[in-house]
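Below is one structure, written out as structure tokens, with a few remarks after it.
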Amino acid sequence: LCPAGAAGGRVEVPRSVTAVLGQDVVLPCRYRAQEQEQVVQVTWLKRGPGTVPAEVAVLNPQHGEHVQEPFAGRVLRHGHGALEDGAIVLRN
């Protein structure tokens with residue numbers, strides 16, 4: 001999650017997440033907004049050593065959810081409602 005220009009609030013993610021091969025896993029991400037802040041979009045990026053970060057998914061309440069082709073069908077938003085909870089599910 002790259003909170004561009006986030007001033008004041010705090011992104012909370014676990015230091016690590018354990019996944020089991022062949023099973024779904026939730027990647028949690030919560031934004032603790034300050035007063036008068038509102039999350040309008042969440043962007044998930046895949047980072048690897050020595051590579052440029054690749055966009056995985058964009059969650060936007062006005063324009064919907066968009067998952068990039070290599071991840072289509074495998075990445076879903078976890079939960080509904082406000083984007084302060086920007087968790088996603090990686091399937092299988």
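Worth a mention:
- Within the accessible surface of the chain, defined with a 1.4 Å probe on protein heavy atoms only, the carbon and sulfur portion equals 51 percent.
- Put a dot 7 Å past the Cα of HIS66, heading toward its Cβ, do the same for VAL52, and the two dots end up 1.7 nm apart.
- Accessible area of the chain divided out per residue, in Å², using a probe of 1.4 angstrom: 72 Å²
- Annotation note: GluC sites (Glu not before Pro) in the stretch 1-91 located in DSSP loop regions with a Cβ neighbour count of at most 10 within 10 Å are GLU35.
- Using a simple spin-label model with pseudo-atoms 7 Å out from Cα toward Cβ, ASP24 and ARG10 lie 3.0 nm apart.
- Dipole magnitude of the chain, debye to nearest 20 (Cβ charges: Lys/Arg +1, Asp/Glu -1, about Cα centre): 300 debye
The values are calculated or read from the model by the stated rules, or taken from the named source; none is laboratory data. Please read these numbers as outputs of a predicted model, since none were measured by experiment. Cβ: placed from backbone, ideal geometry, glycine included. Neighbour counts: every protein chain shown. Just the protein is used for accessible areas: all its heavy atoms, side chains included, with ligands, DNA and RNA removed. Shrake-Rupley method; radii C 1.70, N 1.55, O 1.52, S 1.80 Å.
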